[in-house]
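Novice: Take a look at this one; I'll ask things after.
Taken together, the values in this text are just the output of simple stated rules run on the coordinates, not laboratory data. Nothing here was measured: the structure is a model prediction, and the numbers come from that model. Note: ideal-geometry Cβ built from the backbone for every residue, glycine included; neighbour counts use all protein chains shown.
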Amino acid sequence: MIPILGLIVGIIVGLFLPFEIPQAYASYVAIGILACLDSVFGGVRSKITDKFHFSIFISGFFGNAILAIILTYIGDRLGISIHMAAIVVFGSRLFQNFAFIRRFILNKFQKQDMI
């Protein structure tokens, strides 16, 4: 219930307090959001498999985002697209976790239809 409440509050704040991110920081914010989404989907997957630990989730949520942003910053300073590695890794993990969650939900509904 708390995640849904947080999502609703975030949407309301985003709608009524519009905030524009400067172009210079757009890649940092984008890679941070991708890292956070990876952690959220990983948390949902671990909750489904009864392996969820809040401390691991929080440390991964902030740790992944900070590490991805630091890699993006270092890459920008070196003139190398290091952030592409983070995009590939987080993107693939995001889709893997989503596929697992989707299969879990579909299997759950199919079993209910059979009963």
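Novice: Might you let me know whether region 8-30 holds any residue that is of a type in the set (S, T, N, Q) and surrounded by 14 or more Cβ atoms within 10 Å (Cβ to Cβ)?
Specialist: Applying the first criterion (of a type in the set (S, T, N, Q)) to region 8-30 yields 23, 27.
Checking the rest, the ones that are also surrounded by 14 or more Cβ atoms within 10 Å (Cβ to Cβ) come to 27.
Yes: region 8-30 contains one or more residues that are of a type in the set (S, T, N, Q) and surrounded by 14 or more Cβ atoms within 10 Å (Cβ to Cβ).
Novice: Right, here's the next one. Hey, any hits in region 38-56 for a residue that's β-branched (Val, Ile, Thr) and buried (at least 19 other Cβ atoms within 10 Å of the Cβ)?
Specialist: Kept after step one, since they are β-branched (Val, Ile, Thr), are these residues of region 38-56: 40, 44, 48-49, 56.
When the remaining residues are screened for being buried (at least 19 other Cβ atoms within 10 Å of the Cβ), the result is none.
For region 38-56, residues β-branched (Val, Ile, Thr) and buried (at least 19 other Cβ atoms within 10 Å of the Cβ): absent.
Novice: Here's something else I'd like to know. Being buried (at least 17 other Cβ atoms within 10 Å of the Cβ), small (Gly, Ala, Ser) and within 17 Å of the chain's Cα centre (by Cα) is the filter; apply it to region 61-102 and report the residue that is farthest from VAL29 (Cα to Cα).
Specialist: Going through the qualifying residues, I end up with ALA86.
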